[in-house]
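Remarks on the structure that follows.
The values are calculated or read from the model by the stated rules, or taken from the named source; none is laboratory data. This is a predicted model, so every value here is computed, not measured. Using ideal geometry, Cβ is built from the backbone for each residue, glycine included, and neighbour counts are taken over all protein chains shown. For accessibility, only protein heavy atoms count, side chains too; no ligands or nucleic acids. Shrake-Rupley method; radii C 1.70, N 1.55, O 1.52, S 1.80 Å.
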Amino acid sequence: MLISALLYAGYQDYKTREIDDKTWVYPSIILAPLTFFEVYNRTPTYLQIYLFSLFLGLLIAILTLKLKLTGEADAIAFAFISLFEPPGYHIITLFPLGSVIILSLVPTLLYTCYNLYWNLKHGSFAGYEAGSLVKALAMLTMRYISRREYEEKSYMYIPSTQKQGDKLTIELSPMIPEKVENPGLDEFWAVTLAPYVFFLSIGYLIYTILLLTF
């Protein structure tokens with residue numbers, strides 16, 4: 001049930017960057033009692049491990065949301081995994097969310113490589129005032145898109161090009177930027193809102209496969 005819910009949530013995130021609340025609520029109604037009985041029937045020591053793992057997971061969810069490092073759906077996914085994936089005694093399963101986050105780096109890296117491929121093919125810094133570091137980060141985390149691309153898929157882009165007279169600059173921020181208006185250019189650099197819940201769902205799928213090999 002947990003893996004099905006995460007994969008479905010990941011699919012929605014990939015398609016629209018939005019996840020229906022029902023995707024979390026309905027599975028939670030089923031998973032809550034199952035998780036409770038699984039944890040309740042273990043030893044007191046195991047309960048402590050579960051509660052500590054849950055505490056860390058919720059802390060990560062709250063901090064990343066407050067610092068605007070992730071979106072609301074990502075934070076909910078962190079909490080969802082922490083609540084309904086009880087830990088085990090193996091190093092990989094001791095803190096499930098931590099393992100899933102590490103494993104989610106695999107699809108994240110592939111997505112970053114695709115961004116780089118896109119920008120090598122389409123990107124341009126002509127007319128921009130940008131240093132080498134800014135250009136490198138833009139190539140990895142942004143896309144150089146057309147106005148038509150932005151209008152068709154505005155849900156996954158936030159323009160990062162700033163126009164000041166005849167000068168163009170690229171706005172960088174470690175936090176998820178606020179929605180801004182189209183800079184009024186035919187082509188421009190934009191932050192790509194990565195479907196991180198999708199990456200998490202793939203990470204959890206890899207995690208589940210690893211569990212079967214123990």
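Structure summary
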read-out	value
Fully extended contour minus Cα-Cα distance, from Leu69 to Leu137, at 0.36 nm per residue	22.8 nm
Difference of contour (0.36 nm per residue) and Cα-Cα distance, Leu193 to Leu47	48.8 nm
Rounded to the nearest 10 Å², the accessible area of Phe55 at probe 1.4 Å	120 Å²
Total charge dipole magnitude, the chain, about the Cα centre, Cβ charges on Lys, Arg, Asp, Glu only, Debye to nearest 20	280 debye
Accessible surface of the stretch 103-204, 1.4 Å probe, proportion on carbon and sulfur as whole %	59 percent
All lysines inside 30 Å of Lys121 as judged from Cα atoms, apart from same-chain residues fewer than 8 positions distant	Lys15, Lys135, Lys153, Lys163, Lys167, Lys179
Per-pair calculated FRET efficiency, R0 = 30 Å: Leu116 and Glu152 via Cβ, rounded to 0.05	0.85
The stretch 109-192, dipole about Cα centre (Lys/Arg Cβ +1, Asp/Glu Cβ -1), debye to the nearest 20	200 debye
The stretch 4-66: C-alpha gyration tensor shape, a/c 1.5 cut-off, then a/b vs b/c	oblate
0 to 90° range, to nearest 10: angle between helix 132-141 axis and the chain longest Cα axis	50 degrees
Cα gyration tensor category, rounded, prolate or oblate, for the stretch 109-192 with a/c compared to 1.5	rounded
